[in-house]
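Let me begin by presenting the structure, written as C-alpha cells, before commenting on it.
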Amino acid sequence: MTEDGIGVALRRREDRRFLTGRGRYVHDIVRPQQLHAAFLRSPHAHAEIVTMGTAEALASPGVAAIFTAEDVTGDNLNGVPCAWGISGKDGRPMKEPPHPLLARGKVRHVGDPVAMVIADSVKAARTAAERIDIEYRILPAVTEAVAAMAPGAPQLYEDVPGNLCCDWAVGDAAATDAAFARAHHIAKIDLVNNRLVPNAMESRAALAEYEHATGDYTLYTSTQLPHVARVLIGVLVLGIPERKLRVVAPDVGGGFGSKQVVYAEEALVTWAARKLKRPVKWVADRSEAFLSDAQGRDHVTHAELALDRDGRFLGLRVSTHANIGGYVSTFGPNIPTNLYGPLLAGVYTTPVIYCEVKVVFTNTVPTDAYRGAGRPEATYVLERLVDIAARDLGIDRVEIRRRNFIPRDAFPYQTPVMLQYDTGDYDASLAKALEVSRWSTFPARRAEAAGRGKMRGIGIVTYIEACGLAPSRIARQLGARGGLFESAAVRVNPSGDITVFTGAHNHGQGHETVFAQLVGDLLGVSSSLVEIVHGDTARSPFGLGTYGSRSAAVGGAAIAKAVGKIIDKGRKIAGYLLEASERDIEFAGGKFTVGGTDRSMTFGEVAGAAYFPPDGFPLDILEPGLEETAFFDPVNFTFPGGCHVAEVEIDPDTGELALVAYTAVDDVGVVLNPMIVEGQIHGGVVQGAGQALGENCVYDPVSGQLLTGSFTDYRMPRADDLPPIAVATQSTPCRHNPLGVKGCGEVGTIASPATVMNAVVDALSPYDVVHLDMPATPQRIWQAIRRAGQPA
C-alpha cells in the first residue's frame, strides 16, 4: 500500500478546478462561427398540430434556419431509440411507438419539441421561436397511470389500447397465493412514490460541429455515457458511421441518471451542424429542463406481506402502476421492472414473491433513471410494509427485521426473484447502526421533545441494492441492446508516469482521484504520477459509461485488469534484464525483484527499458512499449446493503417537521477512499430526504400542465434542512470482482426515503397515523393530525 493509495482519504484532485471556476462544461466551449439553437415546445399536454407557419419567424433578424418534423422526415432521420426494452408476462415485447425528434402531427406532453430555430444568438433564436405561427387542436389529457388505464381515458396512441406499454411480472404467482392462503396475518399498504425532477446543477447542453472536408462530426454533450450516445445518436438516429462521430463529454455538472438518457436535442444539433456547415449549440435553461429532462419515480402501489404467527415472512405480493410518460425513454421501461421487482426480496428470507407492474403511457415528460433507479422504489415499498407488519403484530421493528434476515452463513443466497446475493452481514450492519444512532436511548429524547411541545419519531430501514449492472449475458436476456462490460487502457510513458483511459465517466463521483489511487497502489507509485482521461470517444476505448454505481466495481476492475497485464509484461522485461526466469520475478512496492535475492529494478526503470531497450533485447519476443487494454464483464451484480436510522421532530400545531438526526451504516465492500465514500453517501441521503420531505413533481390532472415548473413550486432540499449525517461502514468484500468493491453512489438515496418516512409515521403514532405519502410536507402532516383528532 502506498501513502496515497487504496484506503487513504485523499482529497479529490478535480475539486480544485471546480472550486476555482476552472471547470470546462459544454456551455464554456465556443467554436468559430457558432450558431445557437432554441426549441419551440408544446404548451399543451395532448394536442394535434393543425398548421404551422414559419415564414415570419424565418424572416426574424439573425435567423439561419428553422427545422420541423417535415425536414427531419425528409432527411430520413430516425426517432429517439430505446436501448433497453422489456417483455410482458405473456412473453410479447412492450409497445414501443415512435418517439420523433420533433413532434409529428401530435404532441404528447407539455414541453414536447415541435420546431428547432437556429440563429446567430440565443436571444435571436428564442425570439424567432415565439414568432412561429402554430395552431393546435387540444385533446383531453391524462397524467396519472391508474387513470390512464381506466375505461374511456384519453388514448395517447391508436395502437396502444388502454395506454398500456407493458404488463410485466416476476416471481411465482401460484406459490405466492398458496403462502398467503396459510398466513396467520397479512399486512397491507397502498402508497405513492412521488414523481421527481432531476435538477442537476448543470442543465443539459449540446454543441455539434461538422468537418466538411472529412465528413467527421464532433458532439460535445453533457452525457454520462459518451460511447453509448455515439452509437444511439450517430448510428441509430442519424445513420452516421460510428467512426465518423466523436462524442466528448467534458466536465458534467451532475447527472443522477437523467444524463444517461439520449435526447432529441443532441441528435438535432448534430444534424443541423452538417446542414448549415457551422457549429450549432444549445443550452437548456432551468424552465426548459423542468419540461424536457427525463423525470423519475411515479409509482402507485398496493403491497401485501404474509406472516406466520411468529412474525416470519411467508410471502410478498406487489402490484404497481408505473407512469412512463408520453414516450418510451432510453432505459425507461427497465427501471420500474427489472431494477424494481427483483429488489423486493430485500435482506429477508421471504420464500416466495410475486410482483406485477403495469407500465403506462401518460401525457407527462418521459420517466427514466433517477439516482437509485428502481431500487429506492422497491426499498420504500418493502420497508414501509415491514413497519406496518410490526405494528399490526405488536412486534418490535428491530426484532421483526432481525428475525427475517438472511443469515451470514447462507451466502451465496438465491432469492425467489432472479437475483443471487454473493455476500452480506445484515446483523452486523444493524448492530452498528443501533449503536451509532443511540437507538436504546431514544425514549429519553422523545420525552425531552414532548416537554418542548414536539413529537419526536425514529425510523429504521435495513436495505439492499443491486448495482454494477451485470452480467452482459443476463442483460441481453432482459432486453438490453448490448453488454454491460467496462474498458480501460493503461499507458506507462517512458519516464514512468502513467495515463489511464477509462470508458467510465466522472461527473461528481471522484474518478480522477480514486482511479489514480487504485493504479498507484497496484503499481507501487504515487497517485500523483497517474492521470485519468475520460469522456472522449476518440481517446478512450469503448465503454458503457457511468450509471448504476458501477464505476469502481466494473470500471475499476477493468483498470486493475489492465494494470495486471502491465505488471506481467514488466516481469518479462525485468526477467531478461536481471537474467532470471520470468517465473522468479516478484513485484511489490514498485519494484521487480528476483525472488530470494536483492537484485531488483524499479518500476520506472522497467518502463524506460520498455521504450529504450538495451542491445540484445529480444524484440522478436517482447515488442517495445508498455501499454495494455482490458475489458471487464462482471459475472453478477454487486449488492451493497446496510441500515439507516433517522429521527424527526414535528410541531403538532403547524405540521412543521425537522429532520434532527441521521445515521447511515453501509456495506459497500472494500473502501477505496473513505472521504469520497462518505461524500457519496451524504449526497445520496440528501437526495432521498429531499423526496421524502419536499420534492414533488405535480401535473394538473385535467390540463396536463406542469404545476411545479420552477424552484418556486418544486422544493429542493436546503443545507439547513439537514442535520449532521453520521456515516459508518460495515463491509463484506464482494466476491466476484478483483477489488472486492461494491457501489456507494446510490445507497443513500435507496435507504433514506423509507427511513425518513418511517420516522415521520412513528412521530405521528400517538394520532394512530399508519401511513403518510411522500412528501411529508407541513400541510400533509397538519391535515393528518387534524383528521385524527386528539392523540391517543
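Assorted remarks:
- DSSP beta bridges confined to the chain are antiparallel in about 80 percent of cases.
- Charge context of residue 750, other residues only, Cβ under 13 angstrom, K/R +1, D/E -1: -2
- For the pair region 144-205 and region 371-448, the centres of their Cα atoms are 24 angstrom apart.
- In Å², nearest 10: area of residue 122 left accessible to a 1.4 Å probe: 60 Å²
- Spin-label model, residue 441 to residue 584: label points 7 Å out along the Cα-to-beta-carbon direction sit 6.3 nm apart.
- Once divided by 2.2 N^0.38 Å, the Cα radius of gyration of region 56-163 becomes 1.36.
- Cα centroid separation, region 627-702 to region 534-570 (Å): 26 Å
- Cut-off 13 Å between beta-carbons: net charge of the residues surrounding residue 168, Lys and Arg +1, Asp and Glu -1: +1
- Model label sites at residue 622 and residue 654, defined 7 Å from Cα along the beta-carbon direction, differ in position by 7.4 nm.
- Burial ranking of peptide ranges 74-83, 655-664, 265-274, 447-456 (average Cβ count within 10 Å, highest at the top): 265-274, 655-664, 74-83, 447-456
- Bridging of residue 358 to lysines at a Cα separation below 18 Å is possible for 89, 95, once same-chain residues fewer than 8 apart are set aside.
- Summary value for the chain: 16 percent relative contact order, contacts being C-alpha pairs under 8 angstrom separated by 6+ residues.
- Neighbourhood charge, 15 Å Cβ-Cβ cut-off, centred on residue 558 and excluding it, Lys, Arg +1 and Asp, Glu -1: 0
- Annotation: per residue accessible area for region 12-67 equals 55 Å², rounded to a whole number [probe 1.4 Å, protein chains only].
- Residue order by solvent-accessible surface for 569, 358 is 358, 569, largest first, with ligands and nucleic acids left out and a 1.4 Å probe.
- Helix runs (DSSP H) in the chain reaching 20 Å along axis by Cα, Kyte-Doolittle at least -0.5: 375-393, 557-577, 674-693, 747-763
- Highest-first arrangement of 212-218, 25-31, where packing means the average Cβ count within 10 Å: 25-31, 212-218
- Cα shape, the chain, gyration tensor, a/c 1.5 rule: oblate
- Accessible surface computed residue by residue for region 281-378, with neighbouring protein chains in place and a 1.4 Å probe, gives 17 Å² per residue.
- Accessible area of the chain belonging to carbon and sulfur atoms, whole % at 1.4 Å probe: 51 percent
- Using the average count of surrounding beta-carbon atoms within 10 Å as a protection proxy, the listed peptides 60-66, 720-726 rank, highest first, as 60-66, 720-726.
The values are calculated or read from the model by the stated rules, or taken from the named source; none is laboratory data. These numbers come from a predicted model, not from an experiment. All Cβ positions, glycine included, derive from the backbone under ideal geometry; neighbour counts span all protein chains shown. Protein only, heavy atoms only, side chains kept; ligands, DNA and RNA dropped before computing areas. Shrake-Rupley method; radii C 1.70, N 1.55, O 1.52, S 1.80 Å.
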